Amino acid sequence: MEVVTPTVGLLTLAGCLTFLVAPEEAPRDIHVAAALSPSTLPVVVVDAGHGGRDEGARCNGLVEKNVSLDLAVRVEQRLQVLGFKTVMTRRADAYVSLPERAELANQVEHSLFVSLHCNKSPSSSATGVETFFATEKVVPEPEWTFVGFFAKPEPMARADRGENLAGYVQASLLNRTEAGNRGIKARPLYVVRHTRAPAVLVEAGFLSNPFEARLLGTPEYRELIAKAVAEGVAEFARTMPPPPKPATQLAKATR
Ligand SMILES: [Zn+2]
């Protein structure tokens, strides 16, 4: 069992959180399974960036599509340990288009979306982690396949909390790693913009930086990143409203 101890990293982090937005208190080691009921936990759609003919960045002996898939598998495992159900947009070295990824995510009710990538810069000195979210969504109206099953559609306002999710994930990455803080950023990246659920895209470090590439080449560092992402997701999930109750249950309750 893991002993929860406050860390120096956490203390220094407290100063950063004001500009990181969202969380009112700093994330810390948590035991989510005890704090959250599995029935109300969101399903996490884990998106490994790139794949197949879309390699992403290729630097310092690493190919982004491979690193992102390994990170995604590790994030999925960490999330499952914390009690989350997960959906992966790809599990193999396969090409999946951006619209296909968003469409898959939009089929999952009461969900979160986390896309995993690695960065590249023309300057080999660029380093650090950053988390993107979209301020405006472009998503189709929900298709209520089970008309009448849900009491009411989930309001859009409730779903558009990507900035908060980004804040928790970024803070957790800084808590767990020594990586530089490039902050959370609003940017209309396709997958976060077209996903109805709260959605973020994590850039877990620069493959173009020899030091970060060496770290990202190791299973230990990837595991650290995965743990941080999963814990950030879990912290955010604690703030989510429960899923809407099925109408049939409501009807019984009011009889
Ligand atoms: Zn990428």
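Look at segment 47-67 and say how many of its residues are free of Cβ contacts under 8 Å to residues at least 60 places away in the same chain, near the ligand (Cβ under 10 Å from one of its atoms) and part of a helix (DSSP H, G or I).
Result for segment 47-67: 1.
Return the residue satisfying two criteria in turn: it lies in segment 193-218 and is open to solvent by less than 40 Å² (accessible area, probe 1.4 Å) and among the charged types (D, E, K, R), and of such residues it is nearest to Leu69 (Cα to Cα).
Looking at residues that are open to solvent by less than 40 Å² (accessible area, probe 1.4 Å) and among the charged types (D, E, K, R), I get Glu203.
Does Asp93 satisfy the condition of being open to solvent by 30 Å² or more (accessible area, probe 1.4 Å), in a loop (DSSP other than H, G, I, E, B) and either in contact with a Gly (Cβ under 7 Å, 6 or more places away or on another chain) or within 16 Å of the ligand (Cβ to nearest atom) (or both)?
yes
For segment 183-196, which residues satisfy the criterion of being over 11 Å from the mean Cα position of the chain (by Cα) and outside any strand (DSSP E or B)?
Passing the criteria: Arg187, Pro188, Leu189, Tyr190, Val191, Arg193, His194, Thr195, Arg196.
Look through Val87, Val73, Val44, Val114 and report the one residue that is surrounded by 14 or more Cβ atoms within 10 Å (Cβ to Cβ), outside any loop (DSSP other than H, G, I, E, B) and within 16 Å of the ligand (Cβ to nearest atom).
Val114
Just give me the residues in segment 50-66 being open to solvent by less than 30 Å² (accessible area, probe 1.4 Å), at negative phi and in contact with a helix residue (DSSP H, G or I) (Cβ under 6 Å, 6 or more places away or on another chain), in sequence order.
Matches in segment 50-66: Ala57, Leu62.
Take segment 151-192 and flag every residue that is at pLDDT below 50 and crowded, with 19+ Cβ neighbours inside 10 Å.
Matches in segment 151-192: Ala159 only.
The values are calculated or read from the model by the stated rules, or taken from the named source; none is laboratory data. Keep in mind that what you see is a predicted model, and the values were worked out from it rather than measured. With ideal geometry, Cβ positions are generated from the backbone for all residues, glycine too; neighbour counts draw on all protein chains shown. The accessibility values were calculated without ligands, DNA or RNA, using every heavy atom of the protein model including side chains. Shrake-Rupley method; radii C 1.70, N 1.55, O 1.52, S 1.80 Å.
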